[in-house]
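The values are calculated or read from the model by the stated rules, or taken from the named source; none is laboratory data. These numbers were taken from a predicted model, which means no experiment stands behind them. Here the Cβ positions follow ideal geometry from the backbone for every residue, glycine too, while neighbour counts run over all protein chains shown. Calculation scope for accessible area: heavy atoms of the full protein, side chains included, ligands and nucleic acids excluded. Shrake-Rupley method; radii C 1.70, N 1.55, O 1.52, S 1.80 Å.
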Amino acid sequence: MLAMIGKRLLFAIPSLIGVVIVTFLLTRALPGDPAAYFAGPAATKEAVDQIRKKLGFDKPLIEQFVRYTNDLARGDLGTSLTTGQPVAAELRNRLPASAELTLLGLVVSIVIAIPLGVLAATRPGSWIDHLCRVTTTAGVSLPVFFTGLVLVYLFYFRLGWSPAPLGRLDVFASAPPTVTGFYLVDTLIARDFEAFRSALSQLILPAVTLAIFSLAPIARMTRASMLAVLASDFVRTARASGLSPGKVIVTYAFRNAMLPVITTLSMVFSFLLGANVLVEKVFAWPGIGSYAVEALIASDFAPVQGFVLTMAVMYVLLNLLIDILYGVIDPRVRLEG
């Protein structure tokens, strides 16, 4: 297992290098001039050139790239031109908000999708099988920002059940002392149950929006994988041996059907990282997605590059976690490793 983990990490290095190069080139290809943006519409050409020189954008592209990689080697992601703060500090402060939202959305979708897929596979043609198909079709068809806007209109504007979609806490609650950065955890540690209620109420709608988006592929893969396993020879043998249907499904079929589902979970999580950007803008969520969008609008290169690099590292770590789960579920993976 350790050898397999080491190989995966070695394979990840060229990917991260490619991400650094592509991100640097794409940000330089974006329309707009950061120097002109920050100089203002009334600035003269001399003033714009002076700001461009100060920012280092007058240097050749290769020289800018060498300077950027040297800064990366020291752990310096640059400074945001819009906020004036180091990008690494901004990402570190905002990442828990995005992670809490993404993980809660993924957990909600797993809790719903996996039992729904298993029930649909064990009862083909039943009403729950049709419900699974309708749910997955709706989840795939609806854009995530549209789902978020509909939920806000329905539960906040029309029914008044949800608080205003304006961040992680309502205006009457104060942020808990930072321990993990996850408000649901930090409020419980501080025993501030009113702040916990506020944080949970603010999380529900954006988390449900992400859950609806990610529910479809998980439920479809669970159903398809369970159908394939239930039709296999070893399941028929287990049934012929007199084992109870529950033991056959849970002990034999479900565990063998989990490998493709876990692969789907890794892809869904990467999709959620991208969808999180739109959800954060809809719900005014102070995460790294909204931070990157604001920087992109202002042609602020450093936050965009830091955001993409952070997402790439998270994706590499996620794939490594998936490989470890493979080894836990299927001993053959450990032997091959």
Can you say whether ALA88 is touching a Pro at 6+ places or on another chain (Cβ under 6 Å), touching a residue at least 24 places away in the same chain (Cβ under 8 Å) and not in a loop (DSSP other than H, G, I, E, B), as far as the supplied structure shows? no
From the set of residues in segment 295-316 that are over 23 Å from PHE182 (Cα atoms) and open to solvent by 30 Å² or more (accessible area, probe 1.4 Å), which is farthest from the chain's Cα centre (by Cα)? ILE297
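Do the conditions hold for THR263, that is, is it touching a helix residue (DSSP H, G or I) at 6+ places or on another chain (Cβ under 8 Å), assigned to a helix (DSSP H, G or I) and touching a residue at least 60 places away in the same chain (Cβ under 8 Å)?
no
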If you check THR137 against the conditions, is it open to solvent by 60 Å² or more (accessible area, probe 1.4 Å) and over 28 Å from ASN93 (Cβ atoms)? yes
Counted residues in segment 140-178 being at pLDDT 85 or above, aliphatic (A, V, I, L, M) and open to solvent by 90 Å² or more (accessible area, probe 1.4 Å) come to 1
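Would you point out which residue out of LEU169, LEU151 is in contact with a helix residue (DSSP H, G or I) (Cβ under 6 Å, 6 or more places away or on another chain) and part of a helix (DSSP H, G or I)?
None of the others qualify; the one that does is LEU151.
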For GLY160, state whether it is touching a residue at least 12 places away in the same chain (Cβ under 8 Å) and assigned to a loop (DSSP other than H, G, I, E, B). no
Residues being without any contact (Cβ under 8 Å) to a residue 12 or more places away in the chain, among the polar types (S, T, N, Q) and assigned to a helix (DSSP H, G or I): count how many of those fall in segment 210-260. 2
Taking segment 52-63 and keeping residues of a type outside the set (D, E, K, R) and over 16 Å from ALA302 (Cα atoms) leaves PRO60, ILE62
Taking PRO124 as meeting all but one of (1) in contact (Cβ under 8 Å) with a residue 40 or more places away in the chain; (2) assigned to a helix (DSSP H, G or I); (3) farther than 15 Å from VAL277 by Cα; (4) open to solvent by 30 Å² or more (accessible area, probe 1.4 Å), write down the number of the exception. (2)
